[in-house]
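Undergrad: Quick one: this structure, given as structure tokens, is what I'll be asking you about.
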Amino acid sequence: MIRIPCPFCGMRDHSEFTYGGDGSIEYPPLDASKEEWHDAVFLRDNICGVQFETWQHTHGCRMWLVVERDTMTHEILSVRPAHPGLASALANEQEADQ
Amino acid sequence: MTARRLDKGGRIDRSTPVNFTWDGKALTGYAGDTLASALLANGERVLGRSFKYHRPRGIMSAGVEESGAIVTVGEGARREPNVKATMQELYDGLSAEGQNAWPNVRFDLGAVNGLFGRFFAAGFYYKTFMGLPPFEWGHGTRLWMLYEKLIRKAAGMGTASREPDPDCYDHAHAFCDVLVVGSGPAGLSAALTAAEAGRDVILVEQDFELGGDLLTDPAAEQQRLDLVRAVEAAGARIMTRTTAFGLYDNGAAGLLERVTDHIASPDEGIPRQRFWTVRAGATVLASGALERPVTFENNDRPGVMTAEAARVYLNRFGVLPGQRIAIATNNDGAYGIAGELASAGAEVLLADMRNGDVPETPSGVTQKSGVAPLRAIGRSGVEGVEFASRSGDSWKPAGKEPCDLLLVSGGWSPVVNLSSHRGAKPFWNESLACFLPGETSEPIFHAGSAAGVWRREDCLASGAAAARKAMGEEVEEVAPGGWKNAIQPVYEVRLPDSHAKAFVDYQHDVTGDDVRLAHQEGFVSVEHLKRYTTLGMATDQGKMGNVIGLALMADALGKDIPDVGTTRFRPPYTPVAIGALAGRSVAGHFKALRRTPLHDWNLRHGATMTDAGVWHRPWYYAREGEGIEEAYIREAATVRKTVGICDVSSLGKIAVQGPDASEFLNRVYTNAFAKLPVGKARYGIMLRDDGIVMDDGTTWRLGEEDYLTTTTTAHAGKVMVWFEELLQSRWPDLKVHVTSVSDHWAGVSIAGPKAREVIAACLAADEDISNDVLPFMGVARITLKNGIEGLIARISFSGELAYELYVPAGQADAMMNLLWPAAEAVDGCLYGLEALGTLRIEKGHVTGAELDGRVTIDDVGLGKMASAKKSFVGSALRQRSELLRENRPQLVGIFPVDRSQRFKGGSLLCDPDAVTGFGEGWITAVTHSPALGHWIGIGYISGGAAAWKDKTAVAADPVRSGNVDVEIVSPHMFDPEGVRMHG
Amino acid sequence: MTRFSAWNVFWNGLKGQKGWSRQWRDPEPKPHYDIVIVGGGLHGLATAYYLAANHGLKNIAVLEKGWLGGGNAGRNTTIVRSNYARPGNREFYEHSLRLWENLSHELNYNVMFSQRSHVALLHSPGAIDAASRNYNTMRMTGTPDAEIWDLETLKRTIPHLNYAPNARFPIMGAAVQKRAGTARHDAVAWGYARGADQRGVDILQQCEVRGIEREGDSVTALETSRGTIRAGKVAFAVAGSTSRLWNMAGLGKLPIESHKLQAFVSEPLKPLLDQVVVFGVGGGHFYISQSDKGGMVFGGDIDWYKSYAQRGNLPIVQDVSEAAMSILPCLGRVKLLRHWSGLVDMSMDGTHFICKTPLSNLYLNAGWNYGGFKASPASGWYYADLIANDRPHERIRNFDLKRFERGLQIDERGAGPDPKLHG
């Protein structure tokens, strides 16, 4: 049972979440070439070790998260909202708290 | 073996006799007995038959490692095969029987296999049974299939019931700071230490009593009670009859609690077992150690058991398991029990396999040194033992002794299974001759004999130390070991060149020779050894035999045990009922069921339901005397003639709101949404990134920044997740909020020439839905006569004048109570999915059957909806060559050439000259069309209708109904100009 | 090498099993091989076997980092079937099934291929139509044993499935392939190993590839734990670890993700189920059969998240058990003996790759998703053909890495380019 510390809901079992995919993919603009889109959609680093990946807290806050996780040990190193604005707002808040 | 119950001693309650049956024979035991102890006390010796050779087997142990007394418990639907008699608590009325034998375990015709034992070496079945003997002539699998039938019958152990399990099982969840597994001295001490330090502790014990090793020492009873009381007083949560069967990621443990397996007639509604998921901050494994046997000839005979087992039967169950007892040991552990058995009145011969220093001979015991058991004498029970003494690297006979019980202690194996589940690789300790638990970076700590700590005082200290480590403190380890005289490893005793049956894995009948044969044939790695010989694959998962098997392989290779390795243990530690793992999510509760707000209303009005994904939706509303066909054809015809009402509440509904909502929809859909006026709806198709159609539906512009998007029932969840992902991670700059409102609205479609009339009759006085006010694709907020406020859109899936009317889910019945009488008044009907299918097929509208995740927007004939003026999701990758190929299958309609014929969905469409291969297309759905008066279908065919204008095709359905000649037509089979819906 | 036969089993029984020798040698690595296959699993071993048997090639090595057959060869649920319907897959898996049918004789090793029928349960008229499309395709492309069963036939054949009308998904029929079934997975690896070894192939166990030497666009040598091995041609067959080797060769990304798939076995029972039974509806996925030893062997979906860890977690254990109980409610008191997990290459369309690579003498066999076990004979057959002739056979030309650029997705499920959905 992987347990994911959701930044909004706290520590939850992974069965509350849906795995998205490789979080390092940068999707090109919609008007980019089909070659660029091919690479983003079909090719993967498939890292054995620590990778960034997306999960959605489907049965919770429904936020998409970027999770830093070791694919060998399933250990989770960090979790942040996928939305950059929310991520930085949250980081600022945490900083303020400290 | 002439075991008998003693008049006193043990933890059983002699004032409470317990009646049970064994193979139909009525026997009596006492409260506190296990099935094994009661059978032993009753003098039953042969309790099982082995897997391959059908050798008689008796009780070999007193615990989870039992490999002889494996029986079937219970009857009828409650029959449970493969129960270890040593782990089954006795209860009144328990009925048990032997298994893998005919007619019974005492006299088993299968024992004839033993005569052929020399041919049944490890892996022999890989070398024959292929073809006709003796040289395996032939081809194919025909002969193997015949052999297999016989092999399957002979294999297996117990027989499972074929009736549904009548009992229920629960799932439960718990959290704790420290999970302690095992309640022996180390476990109790760990639980006490952590609980007294204020930690939230769960202590689990697979036995029905706490104490572990303390339970078999009458002198330690006060210590046990004190410890247990202290643990309770410190607030630890204690779970008995509960096995921690597996450790998983992030501190999760799987536990199985046996709630009623020891109760004669449990109250109804009490679950038989509970499967717990515990999330622990840290775990202390005080799971003990298991005594190992030694491999020698006939070491499986009833009456050969571990020394520890005798200690348990004597001290815990008050059973003296033999009168004339020989004990063979290679370590100090068995000395205590030797003295205890002698005190209880048995004649005891203690044979220490070691030369050199050994402990003092207990009083009343005869002792020999330097001899090991070479052979057990006797067939269905031990009658004596032949000893051997060392002769260089080998052994030579050293005399026989009569005995009725042969106890063996070949050393102890710490239970490292649970940390092995986490990938901690156990390592071999030469001086203790055992595997000690491996390193792990996770907060898992071993204590007591699970860590190779043998002495009780040390176990207490080890438990406390493990608890402190679990609390994050730095503590000094308690060193493993503790025997005064070192163990001298002995794994197998045999004369050179002897090929007698000497077992390593009792359950699977794996012998020392089998291990050597594996070596001879090159199966030298542990994993190969295991798979080739099946060593360690039986119900004890190698608890008794793995170490010996490794040792024999190491010997054959001339290597040390650590160089051969160890196999990784897999969960569960002991077998777990599948019913418990499933819990309550079975039968009707398997997978959540979704019902629409109109579910009950529909049932009251005659609906027959069908599965539509996870939903139950009305299939048809049969009237008196109608079957499904009559019903749906009537319903579809009624819609075209007057009006019909259909529950469409299961469609996905997403509120898309915000200043950038138009831009968002414009990117998501292939067609333009930027200029959709408020008060209008538009049909849209969205693609996946790869340019394949994902979903379709209508989007209603309710306000400047306020849209309602509908999706198909099947993809409602997926599209919502997709929108959220796009907005949160790909396009975070868009100011849009999406909310699933699927459950908020109940929706119906009102379709047919009289739809407007019916709705108008239900509206508040000032509402107007005339064509001018609410034209085709118009959307409006609306109030019904009874004050319900909702939304109405003039959209049509059926091709008729049609509206979708949405009201808040709680007011669904109230809406229908207005609409339905109005529809009835004009001879309207309710219609279900089947008629909905008819109407949409007549019109050539697509659903999930057509949008199967492999088709492009052009394939479905809607290529004109893909805007060339903007980019949208999928617009890049839909330009790949294969997706633009000219002769891709296109959506078409299908008519039978002979209009009286019918054909089926799933038929392949073929050129009449080549009704073979993949064909030219396929049929996705069919219906009888009341509007056209014959069967029609929808599907795909290469090149589309244009390419098949002048030729017929064949709808081939070889797996069901054969071939039908068909015409390929436009998918818009009825009212292609759409006159009716604009009316 | 002693031929396997009833006669020799009998004779060796009399002779104390003395006549059996190693089933394959344990040679020292040679400094150079014409062909080096990386991966001593089913696909690698089968490839070596067919290179030797079909193409008469000799100087071949199979490199295995652990022990042969130690990966998915020994971790799968042993189902063999050919009920694939997409062009490409269809012919490939049917060819594989035909190879399976005579494999014991071909290898002189009983792989126990039991053609006991593969029964996929159907729960709605729509599902029956969809299955019929696939099974019609099978019928018309050389698979005469594809059948659609009605409920009565199914009840007669397997009376103890859950036919209760209040079942969550009442059963309405089944799609059946009669020549499909199960095989003894380890025996297949050993049989191919023995066959390859007999034909001169060096099987090098405990030989891990740690580096790949390149000269321009070709591979020259492999750095291994047993020394440097030069190679004329190099062929990868390392399910689950493909990306790691691909990176070692400096080749960047692949259309593959590694996921884990759990498998389960119960305690041994007397015969309880004579077919392979498969369930898949409402988001559930479940398959079960009984091994010849008596264990109920079953499995379900992958664990959904990417993983290189060969161990499972509880949510899937529960999912699979729920399905087991819902299909065969008599399993309640049957006990799970062991569950484990394997590493699978999930590809972007659920279909595999057998193809050339950007390097002139490097070949790829990967992306088997769920299909690896049943595919292994054909996989070896076509891969050997590719390596020997340096061009793809007509039938496998679309199993290349470039197919997504062309827009060709061989997608049996229609799930799209998301590896986790092809389970």
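Undergrad: Of C:Asn54, C:Asn59, C:Asn12, which residue is in contact with a Phe, Trp or Tyr (Cβ under 8 Å, 6 or more places away or on another chain), open to solvent by 40 Å² or more (accessible area, probe 1.4 Å) and over 30 Å from C:Asp301 (Cα atoms)?
TA: C:Asn54
Undergrad: Continuing with the same structure: Can you spot a residue in the stretch B:786-807 that is in a helix (DSSP H, G or I) and crowded, with 20+ Cβ neighbours inside 10 Å?
TA: no
Undergrad: Let me ask something else about it. Which one of these does B:Glu75 not meet: (1) among the acidic types (Asp, Glu); (2) farther than 28 Å from B:Gly536 by Cα; (3) at the interface with chain C (Cβ under 9 Å from one of its Cβ atoms)?
TA: (3)
Undergrad: Restricting to the stretch B:819-857, what's the tally of residues that are more than 42 Å from the chain's Cα centre (by Cα), buried (at least 21 other Cβ atoms within 10 Å of the Cβ) and acidic (Asp, Glu)?
TA: 1
Undergrad: Looking at B:Gln488, is it buried (at least 16 other Cβ atoms within 10 Å of the Cβ), under 28 Å from B:Ala398 (Cβ atoms) and out of contact with any helix residue (DSSP H, G or I) (no Cβ under 7 Å at 6 or more places or on another chain)?
TA: Considered against the rule, which asks whether it is buried (at least 16 other Cβ atoms within 10 Å of the Cβ), under 28 Å from B:Ala398 (Cβ atoms) and out of contact with any helix residue (DSSP H, G or I) (no Cβ under 7 Å at 6 or more places or on another chain), B:Gln488 comes out as yes.
Undergrad: Give me the strands (runs of 3 or more DSSP E) completely within the stretch B:415-482, filtered to those with at least 1 residues that are open to solvent by 60 Å² or more (accessible area, probe 1.4 Å), ordered by residue number.
TA: Here the list reads B:427-429.
Undergrad: Can you tell me which residue is least open to solvent (accessible area, probe 1.4 Å) among those in the stretch B:551-566 that are at pLDDT 90 or above and assigned to a loop (DSSP other than H, G, I, E, B)?
TA: B:Gly558
Undergrad: Moving to a separate point now. Among the residues of the stretch A:76-94, which ones are facing chain B (nearest Cβ under 9 Å), without any contact (Cβ under 8 Å) to a residue 60 or more places away in the chain and surrounded by 12 or more Cβ atoms within 10 Å (Cβ to Cβ)?
TA: Result: A:Ala82, A:His83, A:Pro84, A:Leu86.
Undergrad: Among all residue pairs at least 6 apart or on different chains, which show Cβ distances below 6 Å where the first residue, located in the stretch B:402-423, is within 17 Å of B:Arg292 (Cα to Cα) and the second is of a type in the set (Asp, Glu) and surrounded by fewer than 24 Cβ atoms within 10 Å (Cβ to Cβ)?
TA: none
Undergrad: Filter the stretch C:75-92 down to residues that are within 14 Å of another protein chain (Cβ to nearest Cβ) and of a type in the set (Gly, Ala, Ser) and give me whichever is nearest to C:Gly300 (Cα to Cα).
TA: Among those that are within 14 Å of another protein chain (Cβ to nearest Cβ) and of a type in the set (Gly, Ala, Ser), it is C:Ala85.
Undergrad: Does B:Ser498 count as at pLDDT below 95 and closer than 30 Å to B:Gly198 by Cα?
TA: Against the criterion (at pLDDT below 95 and closer than 30 Å to B:Gly198 by Cα), B:Ser498 does not qualify.
Undergrad: Separate question: Would you mind finding the one in B:Trp601, B:Trp615 that is out of contact with any helix residue (DSSP H, G or I) (no Cβ under 9 Å at 6 or more places or on another chain), farther than 30 Å from B:Glu527 by Cβ and crowded, with 19+ Cβ neighbours inside 10 Å?
TA: B:Trp615
Undergrad: Please go through the stretch B:936-983 and pick out each residue that is within 14 Å of chain C (Cβ to nearest Cβ) and modelled with pLDDT under 95.
TA: Selection gives B:Ser961, B:Gly962.
Undergrad: Counting only residues that are touching a residue at least 24 places away in the same chain (Cβ under 8 Å) and open to solvent by 30 Å² or more (accessible area, probe 1.4 Å), which one in the stretch B:119-140 is nearest to B:Tyr53 (Cα to Cα)?
TA: Filtering first and then ranking leaves B:Phe120.
Undergrad: Further question on the same structure: Just to check your reading of the model, which residue among A:Glu26, A:Glu53, A:Glu35 is open to solvent by 70 Å² or more (accessible area, probe 1.4 Å) and facing chain C (nearest Cβ under 10 Å)?
TA: A:Glu35
Undergrad: At least 1 residues that are charged (D, E, K, R), within 29 Å of B:Arg885 (Cα to Cα) and open to solvent by 10 Å² or more (accessible area, probe 1.4 Å) in each: list the strands (runs of 3 or more DSSP E) lying fully within the stretch B:917-983 that qualify.
TA: B:962-969
Undergrad: Every residue in the stretch B:567-590 that is modelled with pLDDT of 90 or more and assigned to a loop (DSSP other than H, G, I, E, B), please.
TA: If the condition is that a residue be modelled with pLDDT of 90 or more and assigned to a loop (DSSP other than H, G, I, E, B), then B:Phe569, B:Arg570, B:Pro571, B:Pro572, B:Tyr573, B:Thr574, B:Pro575, B:Gly583, B:Arg584, B:Ser585, B:Val586, B:Phe590 are the ones that fit.
Undergrad: Among B:Ile263, B:Ile238, which is the only one that is in a strand (DSSP E or B) and open to solvent by 20 Å² or more (accessible area, probe 1.4 Å)?
TA: B:Ile238
Undergrad: Can B:Leu877 be described as aliphatic (A, V, I, L, M) and either under 28 Å from B:Gly799 (Cβ atoms) or open to solvent by 20 Å² or more (accessible area, probe 1.4 Å) (or both)?
TA: Considered against the rule, which asks whether it is aliphatic (A, V, I, L, M) and either under 28 Å from B:Gly799 (Cβ atoms) or open to solvent by 20 Å² or more (accessible area, probe 1.4 Å) (or both), B:Leu877 comes out as no.
Undergrad: Just to confirm my filter: which strands (runs of 3 or more DSSP E) fall fully inside the stretch B:296-361 and include at least 3 residues that are β-branched (Val, Ile, Thr) and surrounded by 24 or more Cβ atoms within 10 Å (Cβ to Cβ)?
TA: B:324-329
Undergrad: In this structure, does C:Tyr109 turn out to be surrounded by 21 or more Cβ atoms within 10 Å (Cβ to Cβ) and in a helix (DSSP H, G or I)?
TA: In short, no.
Undergrad: Considering each residue of the stretch C:275-294, count those that are at negative phi, facing another protein chain (nearest Cβ under 9 Å) and either of a type in the set (Val, Ile, Thr) or buried (at least 23 other Cβ atoms within 10 Å of the Cβ) (or both), and give that number.
TA: 2
Undergrad: Out of the stretch C:50-74, which residues are closer than 19 Å to C:Glu28 by Cα and more than 14 Å from chain B (Cβ to nearest Cβ)?
TA: Of everything in the stretch C:50-74, those that are closer than 19 Å to C:Glu28 by Cα and more than 14 Å from chain B (Cβ to nearest Cβ) turn out to be C:Lys58, C:Asn59, C:Ile60, C:Ala61, C:Val62, C:Leu63.
Undergrad: Give B:Val959, B:Val969, B:Val954 a once-over and let me know the one that is more than 16 Å from C:Arg139 (Cα to Cα) and of a type outside the set (S, T, N, Q).
TA: B:Val969
Undergrad: Just for the stretch C:121-142: of the residues that are in contact with a strand residue (DSSP E or B) (Cβ under 7 Å, 6 or more places away or on another chain) and closer than 30 Å to B:Gly131 by Cα, which one is nearest to the other protein chains (Cβ to nearest Cβ)?
TA: Result: C:Arg139.
Undergrad: Across the stretch C:299-335, which residue is surrounded by the most Cβ atoms within 10 Å (Cβ to Cβ) among those that are more than 8 Å from every other protein chain (Cβ to nearest Cβ) and in contact with a helix residue (DSSP H, G or I) (Cβ under 6 Å, 6 or more places away or on another chain)?
TA: Residue satisfying both the conditions and the ranking: C:Gly300.
Undergrad: Look through B:Gly703, B:Gly652, B:Gly627 and report the one residue that is away from chain A (no Cβ under 14 Å), touching a residue at least 24 places away in the same chain (Cβ under 8 Å) and open to solvent by 10 Å² or more (accessible area, probe 1.4 Å).
TA: Just a single option satisfies the conditions, and that option is B:Gly703.
Undergrad: Select from the stretch B:858-882 the residues that are assigned to a loop (DSSP other than H, G, I, E, B), away from chain C (no Cβ under 14 Å) and over 20 Å from B:Ile941 (Cβ atoms) and write down the one among them that is nearest to the chain's Cα centre (by Cα).
TA: Among residues in the stretch B:858-882 that are assigned to a loop (DSSP other than H, G, I, E, B), away from chain C (no Cβ under 14 Å) and over 20 Å from B:Ile941 (Cβ atoms), the one nearest to the chain's Cα centre (by Cα) is B:Phe872.
The values are calculated or read from the model by the stated rules, or taken from the named source; none is laboratory data. Bear in mind that the values here come from a model prediction, so they are computed numbers and not experimental data. Note that each Cβ is placed from the backbone with ideal geometry, even for glycine, and that neighbours are counted across all protein chains shown. What goes into the accessible areas is simple: the full protein's heavy atoms, side chains included, and nothing from ligands, DNA or RNA. Shrake-Rupley method; radii C 1.70, N 1.55, O 1.52, S 1.80 Å.
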